[in-house]
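The values are calculated or read from the model by the stated rules, or taken from the named source; none is laboratory data. In this text, all values refer to a predicted model and were calculated from it rather than measured experimentally. For neighbour counting, all protein chains shown are included, and Cβ atoms are generated from backbone atoms with ideal geometry for every residue, glycine included.
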Amino acid sequence: MNTPSPKQFVLQEMDNDEQVNQDTIVDVKFQHIIYYLQNPGRFVDSKKNIPVDFIKAMNEMKNLDYNYEDNFIGFENKKTNECVQFIRKGEDDWYAEVPITHGKGWDGYAWCCDTKSKPVMDMVRLFFEEVPWFGMLDWKMRRFKH
């Protein structure tokens, strides 16, 4: 086999099937979603702005220990200013919450519900896809005193 010298160029032919159409535009969304959580031996502070993707989010939710009373996980989309939070109450039992006007101006109002794993995971998938997700659960408004 002949090996090219450092000054030689190697040309390779491509089949038509291998050629890339230069006019193809790839629709790539930039996501700026962070997460926070509390689980036994693990705490991720929301102030740290730790980025998360959908796969990591699903893994973190799956590993949330429902035997640990103070467990929680939340996701905040910095681009859309949307926030969802969860407490895992059992293997297939979740409490979901969407603070209304979250952050410094939060006045204690939130959309809340108890639900099962499948609707929660479906809703989180839509949240990460940045498509309408709020209608996935049966919310009730609550006000928390703070």
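Observations
- Some residue of the stretch 40-56 being closer than 13 Å to residue 124 by Cβ, free of Cβ contacts under 8 Å to residues at least 40 places away in the same chain and not in a loop (DSSP other than H, G, I, E, B): yes
- Checked against the criteria, residue 84 does not count as part of a helix (DSSP H, G or I) and at pLDDT 95 or above.
- Screening 89, 118 for residues that are more than 24 Å from residue 42 (Cβ to Cβ), basic (Lys, Arg) and either within 15 Å of the chain's Cα centre (by Cα) or not in a loop (DSSP other than H, G, I, E, B) (or both) leaves exactly one candidate, 118.
- Close Cβ contacts (under 6 Å, 6 or more residues apart or on different chains) running from residues in the stretch 99-113 that are farther than 17 Å from residue 77 by Cα and modelled with pLDDT of 90 or more to residues that are crowded, with 17+ Cβ neighbours inside 10 Å and not β-branched (Val, Ile, Thr) comprise 112/97; 113/96; 113/137.
- With respect to the conditions (1) surrounded by 12 or more Cβ atoms within 10 Å (Cβ to Cβ); (2) part of a loop (DSSP other than H, G, I, E, B); (3) of a type in the set (Gly, Ala, Ser), residue 110 lacks only one, and its number is (2).
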